[in-house]
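The values are calculated or read from the model by the stated rules, or taken from the named source; none is laboratory data. This one's a predicted model, so the numbers in the text were calculated from it and none came from an experiment. Cβ coordinates were reconstructed from backbone atoms using ideal geometry, including for glycine residues, and neighbour counts include every protein chain displayed. These area figures cover heavy atoms from the full protein model, side chains too; ligands, DNA and RNA do not enter into them. Shrake-Rupley method; radii C 1.70, N 1.55, O 1.52, S 1.80 Å.
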Amino acid sequence: MNSAVTSIKLVLLGEAAVGKSSIVLRFVSNDFSENKEPTIGAAFLTQRVNINDNTVKFEIWDTAGQERFASLAPMYYRNAQAALIVYDVTKPQSFIKARHWIKELHEQANKDMIIALVGNKVDVLENNEDERKVAREEGEKLAEEEGLLFFETSAKTGLNVTETFVAIGEKIPLKTAGDQETDSNGVAISDEQRIDLANSGNAAGQTAGCSC
Amino acid sequence: MSFFASLREKAPFLDRISETFTPVLTRDEKFKLEYKLPKGENILDDINADLSFLHPSTRSRNGKSPVSPKAQQMAVVFSGKVYLTPHFILFKDIFDQSSCVLILNISTIKRVERSPSASYSCALLVTLYSGTQILFQFIGLKYRSEQFCELLKAKLRENIPNAKTLPKFLDTCYSEFLIRKNILGLKDTQPPRAGLGQQFKYPGNPVLAREKAKLRLWFEYFRENGRHLSLMKNPTFHKLIRVGVPNRLRGEIWELCSGSIYLRYANPGEYEKLLIDNKGKPSQAVDEIEKDLKRSLPEYSAYQTENGIQRLRNVLTAYSWKNPDVGYCQAMNIVVAGLLIFMSEEQAFWCLNNLCDIYIPGYYSKTMYGTLLDQKVFEAFVDEKLPVLWEYIVKHDIQLSIISLPWFLSLFFTSMPLEYAVRIMDIFFMNGPKSLFQVALAVLKINSDDILQADDDGMFIAIIKNYFQTLDQSAHPDSPDMKYRQITKFQELLVTAFKEFNVITEQMIYQERSRHEKTIFQNIETFVKRTQLRHMPRTFHLTDDNLSNIYDIYYNSIESHKISMGTGSSNMNFDIFVQFLSKICDWCKPCERDSDPAFRKQKSGFLRRLFDDWDTASIGELTLNDVVSGLDKLVTPDLLESINYFFSLYDSDNDGELHREEVLQLSEGLLLLTEPWKSGRYVDLLTKKSIEDDIAENIAKEKIIEETNNGDSADISMEQIELPTGVTVDEEKYRAEQAERYLKAASNFLQRSFEYAQSLDIAEEVDLIDLSDSDDGETNQEDKLQKKKKKYESIKANAALDPTHPKVIDLATFRMIILADETYELFFAKTFRLSIHVDESVQSDNNKNNALRGMFDGILADGRRVAEQVRRRVDSVATRNSMSSVDSQTGGSLQATVNTDKYDDMDDFTSDQQLEHEELLNNPWVDVDDAVDGKEPVRQERAIQALPPQLADHDLIEFEA
């Protein structure tokens, strides 16, 4: 096994309430909650996964979804190597917003950025396929046109969440042992810990729940 | 000591990036800002005075007499200045203003009487509702004192109605309750309705916080120095706030410090009214608020109940209606949740108002410009005050704002445990936003040793998070000194923040802000533009550059809208629409004829038609998208589309037919649109062609003469043709020619319209056709113009208005009529489109001059075409000369070839349109035009003139067919 750790800076973008924070929570803590404090500005979390015998450390920047926070986004996608653009399969508007984010990243971000288009909340469709407002084919088509990875996920059931991150990890060139930076061991913090600025003051006993 | 300028005040200045960033605050604005007085409180008068405060207890100790001379001597006398505003009397100590500031709402005054005074020009004894007496002794000339007194008298009178609301208001003040209960002995008075803490407990431990002792100190303070609307702030006031305000009083102290208490008093019932008026109304803000209600300080028990949630909902919703420019921004939910623990809904609402307007302007705006700006300012401070740390942060590419942004945006409510966050808020409300910077710097400084070990954002965040969770612990747990050990981290933080970083002043913040404003605003504007351009409807003819220009001109026109601040409506009303179009369309630009009311009416008539057509939502306003879609239709390069669109503008009932009235309006519209060319302000391609030809003709002639003289008939390359410099063009001639052409087109149009309109009495109309121009071809231009005008009038008067002959024109006929006239055909094909300058950016918009003089310069600058013409002519003459000796008949055909080339030159329709042209040409009625088409433009006029009867004849036949 390769002992080198590759750090991947990844940013989550998408309309409010599509489940960005929930996807991260599922990926990082394998947890889900209906209500969570809104993300103020951005939250930062890390998670390590093993991909093909290599350790990849995801440094995840979870951004606020409210429209007006969009002007802060460049601060967070700066230098990011990967992005998840999330939409809600039951909300057509969120898919339009996803298109805008794709354009924004293509125009403004790192050219080599690996972008995954993620249609979240497919769990809602289990009982009622009528709820679906964005066809899978639509998402696939957009992803193909723009050269993106595509997944339909459910942060609630965990469907495809880890797969999305792994797929991104696989597309990013890994570091060899020699490249390892001495500072990438993450000694001070447990990688599984969610560090959420917005919650830091009130972490105790919160029944958090996020719809975004 | 001036509080930093509120951005709202600065808004008009900031809007124009190029303008100065240093907002010039007037004395009134500074004054209001400093004392947190409501908007209209301008200084009416000011005067130097000595003031002494005689509270009821002093009085009672001195017996019944209101002011015994002894009492006067005993009272502390402050020397300073008194200001009078519409609702306030304000006094401040002139030497040390922290020692005494009295803000007195005039409606708290019960009585004012003159007090005899030997040593002062004039003295007033003011008795307040509470019995407290204040003695003002004016210094200076007597007549000035009298002036001031007169003004005060007037204001006292004006404030009488307001005084009626005072008793009700007093019931809402906790300070008043304290006094009533303890001095007046009204033991059964109920405390006023306050924050949720009253019912759900306040954060922190009341015993540890020594609530009762603090409350007593405040009680003493209020008794001696007044309270709420008549409070004197002295150094004790500030000290009491620094030790921590008792929870029960906190709401009122916040109100007092932020000045929102004055707003609440001045606007009784407004909060309730906002809620009632907007009950059940949907809005984006309401939706967003609803999503976050359960996510606002959820660990505080009140926010797990419907009562708490409802209060939060009310305040946030009311504010979103009060200030739609802000609406709702995430983080406001948390701040308001914090306020509501200590304040009633109404108190919290007004406090939020001042918070957003004065304390943290722009933080919650649609672009969050204030937040972005202050992050930059904060970074600058870290760089300046903690250089080692800053260097480290930069080196390790740590994003400082990820940690600091929530501090500022949610005022530490999400970062610190509640009991500490509210202490920070105490000082924040007292000292202003500099406190946020001071605390933030202190947090970094205290943790700098640990931060210097962190190598990524994650560790950095963890360190800070851990620090905030342990604020109650000892700052020096290992110290042998017991006293030292007892100092908590929070105490250490306060000391570091407000002692060490006391150097951070409002002035510094203010300076840093203006230093970074430009960059931040530009970034925002770029971002907003990028985003908006992405939201544009799909366009067929406008390019991305065009859209970018339209965007700029659009927002340039809507002055009330500030892109960078996201405030003001971004929609366009009719007046702005006219301004907007006049910036990009030649035919909408102001001109001399605007002074003619009839012309103005025509103009606004046409523009109104356009406006209504573009107003897809029928709201009487256009959005940027409407304008883009509309312009996209206007600039179509497709001749037929262009004609159709113009037709549809006048076909108000959409039946595909124009009735008499509509035809008249349409012809007026055409007249209006073609006015700039008719009046010679611009030249169209036909005239341009003709000028070029004439120049070329002249040059060629000279060349030929030259050659003939030299006997040298060698080929002439383009380089050899030297374009003349300083040649004067007979502007008048071309102008008159063009004017004539347009007038003729107009008259022909109307004439043909009624000629070809269905159910038409031909015989009658034919009489009106007068193509007698050919006869007076040689007479002077002026006469000709006059005649034409007259003729146009007569046609209009007779044929068009004849009600006995209902006439209808359908689209096909309309097209035919347009295409039958070369000038109008060109107008729809090109002239009109080219007169809409979507390809020019805002800056270069001015002085794009297509007038004749500029035109001629243009020709010379673009001399290649003229040179080409010259070469052709010279060639053709040379060929003719050589050929004429062989076969004199070929000359004519050569001439024709040259002419055809010229026409091609002018015609750069894409192949698509060529096809459509051919399609058109297949229509029998176009034949008329065909004969004309092949000819060289200006001469064509003569061709028509030569063949008037034939032309008319032809027309009729085709139409009947």
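If the limit is 29 Å between Cα atoms, which of B:Lys181/B:Lys489; B:Lys212/B:Lys489; A:Lys57/B:Lys294; B:Lys39/B:Lys92; B:Lys155/B:Lys434 go over it?
On the way: B:Lys181/B:Lys489 38 Å; B:Lys212/B:Lys489 24 Å; A:Lys57/B:Lys294 33 Å; B:Lys39/B:Lys92 20 Å; B:Lys155/B:Lys434 36 Å.
Violating the 29 Å limit, Cα to Cα: B:Lys181/B:Lys489; A:Lys57/B:Lys294; B:Lys155/B:Lys434.
Looking at the range B:473-538, which trypsin sites (Lys or Arg not before Pro) are DSSP coil and have at most 12 other C-beta atoms within 10 Å of their C-beta? Don't skip to the end; give the middle numbers.
Details: sites: B:Lys483, B:Arg485, B:Lys489, B:Lys499, B:Arg513, B:Arg515, B:Lys518, B:Lys529, B:Arg530, B:Arg534, B:Arg538; in loops: B:Lys499, B:Arg538.
Loop-located and lightly packed - B:Lys499, B:Arg538.
Over the Cα atoms of the range A:18-138, how large are the radius of gyration and the largest Cα-Cα distance (Dmax), in Å?
Just the Cα atoms of the range A:18-138 yield Rg and Dmax of 15.0, 42 Å.
Any chance you could check the range A:27-53 for residues losing 50 Å² or more of accessible area when the partner protein chains are in, compared with the chain on its own (1.4 Å probe)?
A:Glu37, A:Pro38, A:Ile40, A:Phe44
Quick check: at a probe of 1.4 Å, how many percent of the accessible area of the range A:86-174 sits on carbon and sulfur atoms?
47 percent
Give the carbon-plus-sulfur fraction of the accessible surface of the range B:169-359 in %, rounded to a whole number; probe 1.4 Å, heavy atoms of protein chains only. Show your work: numbers first, answer last.
Details: 3970 of 7400 Å².
Carbon-and-sulfur percentage of accessible area, whole number: 54.
Using a 1.4 Å probe on the protein chains only, how many percent of the accessible area of the range B:561-635 belongs to carbon and sulfur? Each step should come with its number before you reach the end.
On the way: 1550 of 3010 Å².
With neighbouring chains kept in place, the figure for the range B:561-635 is 51 percent.
For the cross-link pairs B:Lys81/B:Lys153; B:Lys366/B:Lys583; B:Lys273/B:Lys366; B:Lys32/B:Lys168; B:Lys187/B:Lys239; B:Lys201/B:Lys233, which exceed 21 Å when the distance is taken from alpha carbon to alpha carbon? Walk me through the numbers before you get to the answer.
Details: B:Lys81/B:Lys153 18 Å; B:Lys366/B:Lys583 28 Å; B:Lys273/B:Lys366 25 Å; B:Lys32/B:Lys168 26 Å; B:Lys187/B:Lys239 29 Å; B:Lys201/B:Lys233 29 Å.
Violating the 21 Å limit, Cα to Cα: B:Lys366/B:Lys583; B:Lys273/B:Lys366; B:Lys32/B:Lys168; B:Lys187/B:Lys239; B:Lys201/B:Lys233.
Determine the distance separating the Cα centre of the range B:255-304 from the Cα centre of the range B:74-146; give it in Å without decimals.
Between the Cα centre of the range B:255-304 and that of the range B:74-146, the gap is 38 Å.
Classify the range A:50-98: rounded, prolate or oblate, from the alpha-carbon gyration tensor (a ≥ b ≥ c, eigenvalue square roots; a/c under 1.5 rounded; otherwise prolate if a/b is larger than b/c)? Don't jump to the answer; show the numbers that get you there.
Details: a/c = 3.34, a/b = 1.55, b/c = 2.15.
Here the range A:50-98 falls in the oblate category.
Chymotrypsin sites (Phe, Trp or Tyr not before Pro) within the range B:620-701: which are DSSP loop residues with at most 15 other Cβ atoms inside 10 Å?
none
Would you mind giving the total buried accessible surface between chains B and A, with a 1.4 Å probe and ligands, DNA and RNA left out, rounded to the nearest 100 Å²? Please report the intermediate quantities before stating the final value.
Numbers: alone 43870 and 10400 Å², together 49980 Å².
Approximately 4300 Å² gets buried when B meets A.
Residue by residue through B:459-465, how many Cβ atoms from other chains fall within 10 Å of the Cβ on average? Mind showing how you got there, number by number?
Values: counts 7, 4, 9, 7, 2, 3, 9.
Partner-chain Cβ atoms within 10 Å, mean over residues of B:459-465: 6.
Gap in Å between the Cα centre of the range B:461-520 and the Cα centre of the range A:113-131?
The distance from the Cα centre of the range A:113-131 to that of the range B:461-520 comes to 45 Å.
Which whole number gives the average count of other chain Cβ atoms within 10 Å of the Cβ atoms across peptide B:330-337?
Shielding by partners across B:330-337 averages 4.
So with the 1.4 Å probe, I'd like the accessible area per residue for the range B:550-592, rounded to whole Å².
Numbers: 1420 Å² over 43 residues.
For the range B:550-592, the per-residue accessible area is 33 Å².
Considering only protein heavy atoms, what is the solvent-accessible area of B:Lys110 at a probe of 1.4 Å, reported in Å² to the nearest 10?
Around 140 Å² of this residue is reachable by solvent.
Roll a 1.4 Å probe over the protein chains and send me the accessible area per residue for the range B:369-521 in Å².
Working: 5480 Å² over 153 residues.
Ligands and nucleic acids excluded, the result is 36 Å² per residue.
Using R₀ = 35 Å, calculate the FRET efficiency as 1/(1 + (r/R₀)^6) where r is the Cβ-Cβ separation of B:Ile183 and B:Thr305; round to 0.05.
Details: r = 36 Å, r/R0 = 1.03.
Rounded to the nearest 0.05, the efficiency is 0.45.
Within a 10 angstrom radius of each residue's Cβ in B:402-413, how many Cβ atoms of other chains show up on average? Whole number is fine. Let's see the in-between values first.
Values: counts 10, 5, 2, 8, 11, 3, 2, 6, 6, 0, 1, 3.
The mean count of partner-chain Cβ atoms within 10 Å per residue comes to 5.
Classify the range B:561-635 as rounded, prolate or oblate, taking a ≥ b ≥ c as the square roots of the eigenvalues of its Cα gyration tensor: rounded when a/c is under 1.5, otherwise prolate if a/b is larger than b/c and oblate if not. Mind showing how you got there, number by number?
Working: a/c = 1.97, a/b = 1.60, b/c = 1.23.
Prolate.
Just how far, in whole angstrom, is the range B:162-214 from the range B:644-692 if you go by their alpha carbon centroids?
75 Å
Rank these by accessible area, largest first, 1.4 Å probe: B:Arg311, B:Arg27, B:Arg815, B:Arg210.
Details: B:Arg311 25, B:Arg27 130, B:Arg815 65, B:Arg210 170 Å².
I get B:Arg210, B:Arg27, B:Arg815, B:Arg311, largest accessible area first.
If the cut-off is 21 Å between C-alpha atoms, which lysines fall inside it for B:Lys483, apart from same-chain ones fewer than 8 positions away?
By straight Cα distance, B:Lys483 reaches B:Lys499.
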